[in-house]
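None of the figures in this text is laboratory data; all of them are computed from the coordinates on show. Note that the structure is predicted; figures quoted are calculated from it, not measured. Note that we place each Cβ from the backbone using ideal geometry, even for glycine, and neighbour counts take in every protein chain shown.
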Amino acid sequence: MPMPEFNFDLLALCAPGVRGLKPYEPGKPISELQREYGITDIIKLASNENPLGASPKAIAAVRDASANLAIYPDAQTHELRQAIAKKHALAPECITFGDGSDQNFELLVRTFFQPGNNVVISRHAFAVYAIVSQAVGAAIHFAAAYPATHPHMPYGHDLDAMLACIDDRTRLVCIANPNNPTGTWLDNTSLLRFLEKVPQKVLVVVDEAYSEYVEETGYPDCSQWLQRFPNLVVTHTFSKAYGLAGLRIGYSLSHPQVAELLNRLRQPFNVNNLAPVAALAALSDSEHLKKTLRVNRTGKQQLEESLRALGLSWIPSIGNFLTVDFKRPAMIIYKALLREGIIVRPVQNYGLPNHLRITIGLPDQNTRLLDALKKVLVN
């Protein structure tokens, strides 16, 4: 039976920022591709998930904790809070938990934005920053990124351009380090210099979702700067290297006064019973994390060597993905790969219509991707 129509303009009831909002576009699920093409042998290299999956310790911890599904979670997430405080050498009062680090950013925006305020975001930065900011009615100042011809950081954050966008109404500056979808990064010296120039009334959020994958010297651990910069907020997630994307848990590190305000708005049970025990177990499994980094390191080398042989280039990345330049509209290649049972990520919504973002997988997954690319590129 068809649903009845509204006899008025429903859109007019929405908050102004929601009216023109386009929702976030996640990577295509495997089940959706199965329904569309009837394909069963599918690999997903679209969402930067850990191809090894979660730590065996985390899986066992979830199995044990599943007996408590009828009980409300610990609203303070005490045990994990203590472990994260120890990991970063910070007071537990500096930590705010979210169901993934996206929610931590949403809490910041909802806590600190008033009508007329704005947020500064680099071009080609993670899409959620703009979506959440627009939803609350914040103006968005997009700073120009470095050009494609930049010798060290094509498409990366230009911190001078971001500084130039800050004005008296700016409340938040968003920096992803490394950035998604480009994989570019900011070193210790340049980021520290930037923080020294930002007015204290402007919060600077540094998103370190991919930090566990970074092996380059000069990469900063921004949590160590919190005592120097009270306007700094650092976000982390367990969705990437720790392989817990399906459980949705992340956290922010900030000055205790900032965290106290965020926790006024945070829902008391925003993190479920299973996610904290999995995260705690994942933190304790250093061997699984080391294996994850080895797989990523060798997989990146495998992809880069083969992509080079195919005459392709990519944005230099220190994450667990490569964003490959096909020198032509990439949606054609994306759709052709789908027919081969391979899901990658188009990034035209990031201003990169000729690129596809490819998660680094296991060796056999990488090989299958490369074989499919060889096939579709000649057609």
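Rounded if a/c is under 1.5, else prolate if a/b beats b/c, else oblate: with a ≥ b ≥ c from the C-alpha gyration tensor eigenvalues square-rooted, which is region 33-144?
The shape class here is oblate.
Taking square-rooted eigenvalues a ≥ b ≥ c of the alpha carbon gyration tensor, is region 200-252 rounded, prolate or oblate, where a/c under 1.5 means rounded and, failing that, a/b exceeding b/c means prolate?
Because a/c hits 1.5 or more and a/b fails to exceed b/c, region 200-252 counts as oblate.
Relative contact order for the chain using alpha-carbon pairs under 8 Å, separation at least 6, rounded to a whole percent?
23 percent
What size of dipole, in debye to the nearest 20, comes out for the chain about its Cα centre when the only charges are +1 on Lys and Arg C-beta atoms and -1 on Asp and Glu C-beta atoms?
In total the dipole reaches around 440 debye.
Could you work out how far apart the two model spin labels at Arg228 and Ser31 are, taking each label as a point 7 Å from the Cα in the direction of the beta carbon, and quote it in nm?
For Arg228 paired with Ser31, the spin-label model returns 4.8 nm.
Taking the Cα centre of the chain as the origin and placing charges on Cβ (Lys, Arg +1; Asp, Glu -1), which of Gln82, Gln348, Ser190 is farthest toward the positive end of the dipole?
Gln348
In the structure displayed, which of Lys87/Lys335; Lys197/Lys291; Lys22/Lys57; Lys28/Lys300; Lys291/Lys327 lie more than 31 Å apart, Cα to Cα?
Lys87/Lys335; Lys197/Lys291; Lys22/Lys57; Lys291/Lys327
With runs of 4+ DSSP H residues as the only contributors, calculate the mean residue ellipticity of the chain at 222 nm using -39,500 (n - 2.57) per run, divided by the residue total and rounded to the nearest 500.
Result for the chain, helices only: -11000 deg cm²/dmol.
Return the aspartates and glutamates within reach of Lys290: Cα separation strictly under 12 angstrom, same-chain partners fewer than 8 residues apart disregarded; answer none if there are no such residues.
Partners found: Glu212, Glu215.
Quick one: if you stick a label point 7 Å off each Cα along the C-beta vector at Asp364 and Gln301, how many nm between them?
2.2 nm
Between rounded, prolate and oblate, where does region 129-169 land on the alpha carbon gyration tensor, with a ≥ b ≥ c its root eigenvalues, rounded for a/c under 1.5, else prolate if a/b exceeds b/c?
Oblate.
Between Ala91 and Val376, what length comes free when the chain is fully extended (0.36 nm per residue of separation minus the Cα-Cα distance, one decimal in nm)?
The span from Ala91 to Val376 would gain 97.3 nm if fully extended.
Once amide H atoms are placed 1.01 Å from N in the peptide plane, what residues at a sequence separation of 5 or more from Phe321, or on another chain, have their amide H within under 5 Å of its amide H?
Residues meeting the amide H criterion: Ile360.
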